[in-house]
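Comments concern the structure below.
The values are calculated or read from the model by the stated rules, or taken from the named source; none is laboratory data. Only a predicted model underlies this, so the values are computations on that prediction, with no experimental measurement involved. No Cβ is skipped: glycine too gets one built from the backbone with ideal geometry, and neighbour counts run over all protein chains shown. For accessibility, only protein heavy atoms count, side chains too; no ligands or nucleic acids. Shrake-Rupley method; radii C 1.70, N 1.55, O 1.52, S 1.80 Å.
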Amino acid sequence: MIEALIFDKDGTLFDFRLSWGAWTRELLAELGDGDGLLATVLGYDGLHNDFAPDSPVIAMTTPEIADILLPHLPGLSFAELLDTMNRLAGDAPMVPAVNLPAVLGALRARGLKLGLATNDTEVPARRHLDGAGVLGLFDFVAGCDSGFGGKPAPGQLLAFVRACGLTPARVAMVGDSLHDLDAGRAAGMKTVAVLTGIATRADLEARADVVLGDISELEAWIDGLVAV
């Protein structure tokens, strides 16, 4: 019943707090956030390395986050800010949520196509996958700047379907946020939520076909669909 999976990146393949907390700290330091205003704008709690549930870092695209920050950064252009954010994103220490080579390799071994749809930009996304040793396992990688838009719109997901000759109903979108689930539903895909991001089960379950602890549980879920 499932012939392909398309994954969100942050909070799904990589632990959100451990990975993007480091990026946020570096960004705030480089932007000189001495009074904590920018941290508040980003919904980031540096003391506990945590994010508010509505933090723009969780689900917005990089340009959208830049738009929110820019009014508080006089003298800095949008292009300069975006360049800084992308540079720091590429160097951010990504912490895998699971053993990615083992989990994704097992899914590939089943004959499944794998895609990535992220609201990060494409170049840092590819660096993160490469750093985790899994870039070669993906048939498709799209960022918010790849020409297909960003989530919750379904453009990236539909581009994956076209690129790999897939049927949307036989694809599952796997993510940790409502943006991911809404994109999956809009694309006509099954929706799988995981709890390795900021959102809770209660936040996600109404929009997901299933809520899993992390992506290592995907094989068992797929086997259950086949059994039914």
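Between LEU47 and GLU217, how many nm apart are label points set 7 Å from Cα along the C-beta direction?
3.3 nm
Karplus couplings for segment 192-206 from phi (6.51 cos²θ - 1.76 cosθ + 1.60, θ = phi - 60°), rounded to Hz, Gly and Pro as x?
Calculated HN-Hα couplings, in order: 10, 9, 10, 9, 9, x, 8, 5, 9, 4, 4, 5, 9, 5, 5 Hz.
Taking θ = phi - 60°, what integer Hz values does the Karplus form 6.51 cos²θ - 1.76 cosθ + 1.60 yield along segment 93-108, in sequence order, with x for Gly and Pro?
Ordered by residue, 3J(HN,Hα) equals x, 6, 10, x, 6, 8, 6, 4, x, 6, 5, 5, x, 5, 5, 5 Hz.
Before anything else, pin down the relative contact order of the chain: Cα pairs under 8 Å, at least 6 apart, normalised by residue count, whole percent.
Details: 406 pairs, mean separation 59.0, N = 228.
So the answer I get is 26 percent.
Which value, in Å², gives the accessible area per residue of the chain when a 1.4 Å probe is used on the protein heavy atoms? List each step's numbers first, then the result.
Working: 9460 Å² over 228 residues.
Accessible surface, normalised per residue, equals 42 Å².
Of ALA199, ALA187, ILE215, which is farthest along the charge dipole of segment 181-228 in the positive direction, counting Lys and Arg as +1 and Asp and Glu as -1 at C-beta?
The residue sitting most towards the positive pole is ALA187.
Roughly how many Å is it from the Cα centre of segment 151-228 to that of segment 1-41, as a whole number?
20 Å
Relative contact order for segment 19-106: what percent, with Cα pairs under 8 Å and sequence separation of 6 or more?
Details: 59 pairs, mean separation 29.1, N = 88.
For segment 19-106, the relative contact order is 33 percent.
Which ³J(HN,Hα) values in Hz, rounded to whole numbers, follow from the phi angles of segment 145-150 under the Karplus curve 6.51 cos²θ - 1.76 cosθ + 1.60, where θ = phi - 60° and Gly and Pro get x?
Going residue by residue, I get 9, 8, x, 10, x, x Hz, with x marking Gly and Pro.
Which of the following values of Cα Rg over 2.2 N^0.38 Å was calculated from the structure shown: (i) 0.99; (ii) 1.05; (iii) 1.14?
This structure yields the entry labelled (i).
If amide hydrogens are placed 1.01 Å from N in the peptide plane, which non-local residues have theirs closer than 5 Å to the one on VAL194?
GLY175, ASP176, LEU212
How long is the gain from ALA109 to THR167 if the chain were fully straight, where each residue apart is worth 0.36 nm and the alpha carbon distance is subtracted? List each step's numbers first, then the result.
On the way: separation 58, 0.36 × 58 = 20.88 nm, distance 1.98 nm.
Result: 18.9 nm gained on full extension.
Given labels modelled 7 Å from the Cα in the Cβ direction, how far is it in nm from ALA102 to VAL123?
Between ALA102 and VAL123, the simple spin-label model gives 3.5 nm.
Counting Lys and Arg as +1 and Asp and Glu as -1, each charge on the Cβ, what is the dipole of segment 1-150 about the Cα centre in debye, to the nearest 20? Write down the numbers at each step before the final one.
On the way: 9 positive and 21 negative charges, 141 e Å.
Once rounded to the nearest 20, the dipole reads 680 debye.
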